[in-house]
1. Here are some conditions: (1) among the aliphatic types (A, V, I, L, M); (2) modelled with pLDDT of 75 or more; (3) outside any helix (DSSP H, G or I); (4) within 19 Å of I8 (Cα to Cα). L95 meets all but one. Which one does it not meet?
2. Step by step: first the residues of region 1-50, then only those that are among the small types (G, A, S) and in a loop (DSSP other than H, G, I, E, B), then the one that is nearest to the chain's Cα centre (by Cα). Which residue is that?
3. Could you pull out the residue among E54, E83, E108 that is modelled with pLDDT of 60 or more and either part of a loop (DSSP other than H, G, I, E, B) or farther than 21 Å from L6 by Cα (or both)?
Amino acid sequence: MAKRELKIGDIADLTGLSERDVRALIQAYDSLFTYRTIGPVKIFSGNAVQIVRELIDLSRKGLTPEEIIEEVRSGGVSDAPEEPAAEVDWTGLQLPPGMVIDLQVMRETLARQERQIARLAADLEREREERREEVGRLRQTIDGLQGQLAVVAEWVDYFDLQIDEISLPMFERIRRAFGRETDPGQRT
């Protein structure tokens, strides 16, 4: 199989992994793989399947990424015959330690962000309730001020009438006070 050229999807089919897992392994251990590119597609040599299997086996043993690279380069894992994906019985894939830490960091970050979002949502709801109460208090204040303004307007009207009365000539005020209306042409 060494002369055969494979894409990531082919490697995934032969190893029983998802393409995403194969891509993650290839990215983590890029120095172990030989490939050529055709546009955006990487074409791997046939031994890529064996390297992926070795990476999986070594990561299950709990080796560090550096130890795994050393083992694969030294050829510490024996060659296993390739099997189709349907015959491989995998209960789960143990990722390299560096990737597991990254996943844990991602989980912690996501949990922290979820807590922060929940706290911000609670703060927002509390802020909305405070604004509703404040609007209610402002409406009561405005209603009270409008009532006071109505009283002030009545007093202003009253004083305007009084000033109008005071500004009338003396003769006109006396005439109004006694209620007599005279024609301007009549003698008083």
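The values are calculated or read from the model by the stated rules, or taken from the named source; none is laboratory data. Small disclaimer: the values here were computed from a predicted structure and weren't measured.
1. (2)
2. Step by step, filter region 1-50, then rank; the result is S18.
3. Step by step, each of E54, E83, E108 is checked, and only E108 is modelled with pLDDT of 60 or more and either part of a loop (DSSP other than H, G, I, E, B) or farther than 21 Å from L6 by Cα (or both).
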